[in-house]
Structures are given as structure tokens and as C-alpha cells.
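Okay, structure first, notes after.
The values are calculated or read from the model by the stated rules, or taken from the named source; none is laboratory data. Only a predicted model underlies this, so the values are computations on that prediction, with no experimental measurement involved. Positions of Cβ are backbone-derived with ideal geometry, glycine not excepted, and every protein chain shown enters the neighbour counts.
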Amino acid sequence: MTDGTASDGVVDVLVVGAGPTGLLAAGLLARSGISVRIIDKNTSAAKETRAFGVQARSLELFASLGLADAMLDRGLVATGVQVFAEGERVAELSFDDIAPNDTPYGFLLMVSQSEIEAVLVDDLARLGGTVERGTEATALDRDADAVTVHVHDASGSEAAIRARYVIGSDGAHSTVRKALGLSFAGATYPQTFLLADATVRWPLGSDRLSLFMRGSGFAAFLPLRGRDYARVMVVDPTEASSGAPLAQGSSPVELDVVERAFRHSTGLDVTLSDPRWLSRYRVHHRGVDRYRVGRCFVAGDAAHIHSPAGGQGMNTGLQDAANLAWKLAAVIRHGAADALLDSYHDERWPVGQAVLAQTDRMFSAVADPSGWVVALRKVLAPAVAATLTRIAPLRNRAFRFVSQLGIRYEPGRFLAEETSEGASSRWRDGPGPGRRAPDAATGRHRDVFDLLAGYRFHLLALSREPLSREDIDGLSAELAGFVRDCPAPAEAHLVAHSLVGRDERLVQAESARVFDAYGIGPGTPRGLYLIRPDGYVAWRTDSLDVTACRRFVERVFAPGSPGAGRAVRLPPTPEHAR
Ligand SMILES: Cc1cc2nc3c(=O)[nH]c(=O)nc-3n(C[C@H](O)[C@H](O)[C@H](O)COP(=O)(O)OP(=O)(O)OC[C@H]3O[C@@H](n4cnc5c(N)ncnc54)[C@H](O)[C@@H]3O)c2cc1C
């Protein structure tokens, strides 16, 4: 990251809003050698917990950036979830039993949004960036070459920032979204939530999430780091459900009010003390119809807001950022076609819509106050919970959705494969284009995710057939040539059985898991995977044809139409930023 502004006074990317989405986007762009500025209207970082559940997919992303340990240091590993209906425990799920074995993060990490933001701010600082606080975007003008963002800065003056591209990650009330005229269709739920981050004394354990349905009431206990420290959330049982819409978290509430409501909705003897954050808020579900308008993008809460059911909000924003940043870098720095930027909307909008629909279903199932739903819940909740407890594939599917490991993008121009007719069914069932690259052991102490470090492309060459010295010579030369000629930063890894023992040019496969996870086996003993910086398979073939991969990369990075993304001269990405 430079001082943020190129010599012509136009910054490559202006990020508006330094919540988790904007901070991650800025860090990823800086890593990619893009000049980026990030502004936030608040004069200081937020102190409130707000979101707290970091899902497995986000942890995988943080791990690839070297940030997972910092998150784990600050968090509590939640081991499972228990569900109560009308005072009876109807389900108890341990994440150990549910989580698939293709992720190192088969749990939910409870860490406050303020701490996540602090880690991302530190990361940005390491890359030479800083958040320009007290700077509020008020309006924007777009022309063919750039976007002018009008700001009210910390000194109280009006100023303008010219940027080639703008990311609006300015939250639920996004100025960028409004300035772009994007609709934000949806509604506000009728319930009012009460929330307290406090010390909780109660008869149940404190390492699991606990959900309570009682009559028309709903409550949740969500453990946070620290002895007996937790977030409790409860639908206000006293308030009429049709008040004027409040902004989320906008109104204060007394601790004893939350305590009373929580006791009422759990039927338990609970004492709350030492509150660190108290809030009364309404929940909305809304989404934009377009994530891109010309040179402007919306991401995170600016693009979608939904109920906290399933802890999806912040995680979805983080994945928006990871999806968009490398595409912007490819267009700005490496001359990729402008159409690549459209794939941000094409890929992330359906994910946002699915999250909206699923969280709405979950929320309505547990918190809808209407009489027939309450009546049905009494009968259905135990049955659904029992089914979920009994049937492993159902549990697994639920975990894949909530953890965001199951997200897949539709194949198209930028997501493709060249699979031969005779490819095995194991290969066909393997991670095709648009699917997340899974983790798997390559040996006793190493796994695929050790190789996929850094926000860059990775070419993974896999051979279950043992390779001779000549094979290794030829393949490693081809892979090195691919890395050298790839327009964007890339690394190549050859994982194979070897006829000559360990060789520094390959990762000797000392476990078959890596092959199983990537569909390599009888009938398809070899395969080549190109994995994108955000961890999704961009392209694959059931051979070791590196030339075919080069052809695909040429297509992705083919120069765009006139006036579209153009390569700008930038200093090479510094080593420490890689
Ligand atoms: C009370 C409350 C409880 C929540 N609980 C949960 C939860 O339990 N689980 C969960 O997953 N999510 C929860 N969320 C939602 C979660 O906090 C969001 O999904 C997440 O913060 C989205 O991150 P973001 O970066 O997209 O937006 P935000 O975190 O909202 O960040 C937007 C940033 O933009 C800045 N900004 C706004 N306008 C401008 C402007 N014009 N110019 C410059 N800067 C601007 C703001 O100051 C802010 O820093 C909760 C939110 C609230 C308010």
C-alpha cells in the first residue's frame, strides 16, 4: 500500500466504511499491490461486541492471510448447541459430531466484532494502511474514468476523493447504496430484541450456544470469552410488536429488563451482572438487487441485512470482500477484462439472497409470534430437533450452510473445467469449478491449507501415480513457467507419490486423503486445480495439462473492452505484503 493515492491524484480504490467488510477489503487490496484509501465517519473504532460468531469459512480465509491465530487468541471455541422447547431439552448437537473433516475449523469461534476489527486494523497497518476516521462520504459523482466521492472530513471541511473504483461497505444505512439509487427491498420484523453482554449466572454450562422457545418467546445464550461471560438475546415479551421501526441497536435498555425477559423466556433462574453492552433493537431483512453499478460496488451490510439467526451477517460481508478484492486487483493491476467485475454480482448476489431466505426461515421458525406458529412449534420443534440429532447428512447440511463451507458459485466464463469423458465418478463428485477448495492431509504434519497460504492463485497438481525423476523434472519446469507467466501472483504445488523419495520440488504425498478430497483415484489418477485467491476452484482438469490451464488464465485475463479495466503502473508488491 502506498500513501493511497497514485501520482495523478486518483486512488485506485476508495473503501467507504471501516467495519469488518471494508477493513478486510482494504487489507486484501493492499496485499494485492493496489493503492487504496479507507474512510469511516466514526472518529474512533467501535467498542461494542455487535457480531461475534466467526464461521469456519471466515476462519479459513483468515488462516490463509495469517490472521486465524490472532482471532483464536481472542475468542472462545463454542463446542455445540442445545435447543429447548417449552422447558425441555429437545436437541443437543456437538460440533465435533457435525463438522466435516475437510476443514480445520469445525466449530464456531465466538469473538467480538470490535476485536475482529482491531485485528484487521493491525493487519492493514502492517501493510502500510490506516483508516481515515471522522471522514464521512456524503455524495458521489460518476464519470467514465473515475468516481468522485464528496466527503465531510475530520477537520469539518468538505473535500472530494477521486477513485477509479469505490466499495460501499458503509453498513445498513449505506450512503453509497443510496447515492447509486439501489433499492433495498425487504421488511422489518415485528419483534423487538433485548440484548446484554454480561456475566451470566445460570444452571446450564457456558461453552455451548443455548436456544429457547417458550410460548411465543425466543431467547438465546451465546457464550463469549471470559468466565461466565455471554451474550443473552431475548425477544421482548412485553413490548407491542408494531412500534415505529428502530435502527438496529439504537436504543438503550436496563439490565434488569433484559434479565426479567430472559428468565421469562427460558423459565430458568438467571442472574445478569456487569453488563458491557446493552441494547434494544429491531431486526430487518433487506437486500439490494445489484452489487455493482459501473465503478461502484456494495458489500456487507450495505448490500444485505438479515436477522442474527445463524450468525451470517458479518461472515457474509467478509466473503463479499474476499470475492471482490482479487477481481479488482486483476482488472486494475493485471489488465483483466472488466467483465470479471460483473462476476462479483453474479456470484455474491445469489449467496446474499440465499442467506436472506434461510435466516428468514430460521428466524420465523423460532421467533414468529403468531398463534398458529406457536402452536405448531410446540409439536414440530421436538420432532425437527430429534430428526436433526438422528440423521447425520441433515446435520452435515445444516453445518455446511451455517459455516458457509457449502457456498458454491455457478460455473461460467471465469469458472470452468476440462474433464474428459472417461473421468471417474469420484472425480466428477470432487470439488468442481465454483466450489470451495477443501482441506485434506498431505502427510502426517501437513495439509493442503498449508500450501494455499496467501491471497493469490494456487495451481495444485496432484498425481496418485508415482512420478519418476524425469516426470518431476518436466512437471516442475512447467509449473514454474506457469507461475512466471501468470499475470497475477500465483504459486504452484506438486503433490504426488514419488519414485525417488522426497524432492524439494514436490510435496510427497504421505496420506491418501489429499487425493480422496480432490477426486483423484482409480480411473482418474491425476488432476490439476487452479484455486482462486478467495479459496474457490476456478478451473480443473483430470490430467496434468498445464498448457490447458494457461489457456484458461489467458481467457480470464484477456484484455477487456475499450475503456474497461486497464493496467496501471504500480510498484511491485512488497515482499512483506505477500
Ligand atoms: C446491535 C447489533 C447486533 C448484531 N448482532 C449480530 C450477530 O449477533 N451476528 C452477526 O453475524 N451479525 C450481527 N450484527 C450485524 C453485524 O454487526 C453486521 O453484519 C456487520 O457489522 C457488517 O459489517 P459491515 O462491515 O458490512 O458493516 P458495519 O459493521 O455496519 O460497518 C459499516 C461502517 O461504515 C461506516 N459508515 C457508515 N456510513 C458511512 C459514511 N457515509 N461514510 C463513511 N463511513 C460510513 C460506519 O461508521 C461503520 O464503521 C449485529 C449488528 C448490530 C447493530
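Quick notes on this structure:
- Every condition in (1) surrounded by fewer than 20 Cβ atoms within 10 Å (Cβ to Cβ); (2) more than 16 Å from the ligand (Cβ to nearest atom); (3) outside the structural domain of Ser169 (by TED's automatic domain parsing) is met by Gly335 except one, and the failing one is (3).
- Tally, over region 40-97, of residues that are hydrophobic (A, V, I, L, M, F, W, C) and out of contact with any helix residue (DSSP H, G or I) (no Cβ under 9 Å at 6 or more places or on another chain): 1
- Residues satisfying the stated conditions in region 267-297, i.e. surrounded by fewer than 19 Cβ atoms within 10 Å (Cβ to Cβ), under 30 Å from Arg164 (Cα atoms) and touching a helix residue (DSSP H, G or I) at 6+ places or on another chain (Cβ under 7 Å): Arg290
Here's the yes/no breakdown for (1) at pLDDT 95 or above; (2) crowded, with 22+ Cβ neighbours inside 10 Å; (3) part of a helix (DSSP H, G or I):
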| residue | (1), (2), (3) |
| --- | --- |
| Lys47 | no, no, no |
| Phe62 | yes, yes, yes |
| Leu72 | yes, no, yes |
| Val81 | no, no, no |
| Pro100 | no, no, no |
| Val149 | yes, yes, no |
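- Check on Thr192, closer than 29 Å to Glu115 by Cβ, modelled with pLDDT under 90 and part of a strand (DSSP E or B): yes
- Some residue of region 245-266 being more than 9 Å from the ligand (Cβ to nearest atom), part of a strand (DSSP E or B), free of Cβ contacts under 8 Å to residues at least 60 places away in the same chain and not assigned by TED's automatic domain parsing to the domain that holds Asp342: yes
Each row is one residue, and each column tells you yes or no for (1) within 11 Å of the ligand (Cβ to nearest atom); (2) under 24 Å from Ala488 (Cβ atoms); (3) outside the structural domain of Ala159 (by TED's automatic domain parsing); (4) not hydrophobic (A, V, I, L, M, F, W, C).
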position: Ile39; (1), (2), (3), (4): yes, no, no, no
position: Ser44; (1), (2), (3), (4): yes, no, no, yes
position: Glu48; (1), (2), (3), (4): yes, no, no, yes
position: Ala63; (1), (2), (3), (4): no, yes, no, no
position: Gly80; (1), (2), (3), (4): no, no, yes, yes
position: Leu93; (1), (2), (3), (4): no, no, yes, no
position: Ala99; (1), (2), (3), (4): no, no, yes, no
position: Ala118; (1), (2), (3), (4): no, no, no, no
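- Within region 113-141, residues that are in contact (Cβ under 8 Å) with a residue 24 or more places away in the chain and charged (D, E, K, R) sit with their Cβ atoms under 7 Å from residues that are within 10 Å of the ligand (Cβ to nearest atom) and in a helix (DSSP H, G or I), at 6+ positions apart or across chains, in these pairs: Glu117/Pro20; Glu117/Leu23.
- If you filter region 213-234 down to residues that are in contact (Cβ under 8 Å) with a residue 60 or more places away in the chain and outside any loop (DSSP other than H, G, I, E, B), you find that the one that is nearest to Gly310 (Cα to Cα) is Leu222.
- Inside region 184-196, residues that are more than 10 Å from the ligand (Cβ to nearest atom) and within 25 Å of the chain's Cα centre (by Cα) make up a count of 6.
- For first residues located in region 164-183 and at pLDDT 95 or above and within 11 Å of the ligand (Cβ to nearest atom), partners that are assigned to a strand (DSSP E or B) and hydroxyl-bearing (Ser, Thr, Tyr) and lie 6+ apart or on another chain with Cβ distances below 7 Å form the pairs Thr175/Thr138.
Residue-by-condition table, conditions (1) assigned to a loop (DSSP other than H, G, I, E, B); (2) within 9 Å of the ligand (Cβ to nearest atom):
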{"site": "Val283", "(1), (2)": "no, yes"}
{"site": "Pro308", "(1), (2)": "yes, yes"}
{"site": "Met314", "(1), (2)": "no, yes"}
{"site": "Asp320", "(1), (2)": "no, yes"}
{"site": "Leu324", "(1), (2)": "no, no"}
{"site": "Leu341", "(1), (2)": "no, no"}
{"site": "Glu347", "(1), (2)": "no, no"}
{"site": "Gly352", "(1), (2)": "no, no"}
{"site": "Ala357", "(1), (2)": "no, no"}
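- Of all residues in region 417-456, those satisfying the criterion of being more than 15 Å from Ser511 (Cα to Cα), crowded, with 22+ Cβ neighbours inside 10 Å and of a type in the set (A, V, I, L, M, F, W, C) are Trp427, Ala437.
- Scan of region 287-304 for residues that are within 7 Å of the ligand (Cβ to nearest atom), within 26 Å of Arg400 (Cβ to Cβ) and not in a loop (DSSP other than H, G, I, E, B), ordered by number: Gly300, Asp301
- Candidates are the residues of region 131-147 that are crowded, with 16+ Cβ neighbours inside 10 Å and β-branched (Val, Ile, Thr); the one that is nearest to Leu24 (Cα to Cα) is Val131.
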